[in-house]
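*Asks:* A single structure is presented below for examination.
The values are calculated or read from the model by the stated rules, or taken from the named source; none is laboratory data. These numbers were taken from a predicted model, which means no experiment stands behind them. Reconstructed Cβ throughout: ideal geometry from the backbone, glycine too, with neighbour counts over all protein chains shown. What goes into the accessible areas is simple: the full protein's heavy atoms, side chains included, and nothing from ligands, DNA or RNA. Shrake-Rupley method; radii C 1.70, N 1.55, O 1.52, S 1.80 Å.
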Amino acid sequence: MREVVDKLFQGLSIGLGLERHRLKEASGGEEVEYMLKINYYPPCPRPDLALGVVAHTDLSAITILVPNEVPGLQVFKDDRWIDAKYIPNALIIHIGDQIEILSNGKYKAVLHRTTVDKERTRMSWPVFLEPPSELVVGPIADLLDEENPPKYKPKKFKDYSFCKLNKIPQ
Ligand SMILES: O=C(O)CCC(=O)C(=O)O
Ligand SMILES: [Fe+2]
């Protein structure tokens, strides 16, 4: 898990022209928290009328998700919902809000939702990689200049989470 996490942060840092440890450090370094959630979506007689989870972006920096074989995850791209294909043994990686903020919007947190199945139970196991609650997260200074002013307010992760969960503007 550690190697996968380091590789993800490194690739994303390099993509921004930053030193490879930068995004992990800005997300808390070795203090990054791993929050496992277990989603259980029982069969639904009217999948056309229900969703598993409504459209959202994750609060995390990065999410690493293991799904079972029942498809249901959809991502919003080019103004439409696209089904994420189930690929055995593959991990699904989401960019979350904190990477969007750190990158000053160069990376976008993925908008996603889940559908439910008429006969089968869907499950998923996302691990949310989150900054420690007291860490202030804001756009990385190296990415800012006159043409690229900060688009997000630096904020403690716990305050960002509180506002998002209580639907208070950031
Ligand atoms: O079940 C899934 O595939 C996604 C779940 C999800 O988006 C979440 O728990 O944040
Ligand atoms: Fe999610």
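*Asks:* In the stretch 120-170, which residues are in a strand (DSSP E or B), farther than 30 Å from Leu51 by Cβ and charged (D, E, K, R)?
*Replies:* Within the stretch 120-170, Lys156 is the sole residue that qualifies.
*Asks:* Still on this structure, please answer the following. Applying the selection to the stretch 123-137, what residues are touching a Pro at 6+ places or on another chain (Cβ under 8 Å), under 29 Å from Lys153 (Cβ atoms) and crowded, with 20+ Cβ neighbours inside 10 Å?
*Replies:* Val137
*Asks:* Among the candidates Arg120, Arg113, which residue alone is in contact (Cβ under 8 Å) with a residue 60 or more places away in the chain, within 12 Å of ligand 2 (Cβ to nearest atom) and open to solvent by 30 Å² or more (accessible area, probe 1.4 Å)?
*Replies:* It is Arg113.
*Asks:* Taking the stretch 70-99, which residues are within 25 Å of Arg2 (Cα to Cα), open to solvent by less than 40 Å² (accessible area, probe 1.4 Å) and away from ligand 2 (no atom under 12 Å from the Cβ)?
*Replies:* Ala90, Gln98, Ile99
*Asks:* Something else about it: Looking at the structure I just gave you, is Leu8 open to solvent by 30 Å² or more (accessible area, probe 1.4 Å) and within 16 Å of ligand 2 (Cβ to nearest atom)?
*Replies:* No; evaluated as a whole, the condition is false for this residue.
*Asks:* Only residues that are more than 10 Å from ligand 1 (Cβ to nearest atom), open to solvent by less than 30 Å² (accessible area, probe 1.4 Å) and aliphatic (A, V, I, L, M): list them for the stretch 34-69, please.
*Replies:* Selection gives Ala61, Ile62, Ile64.
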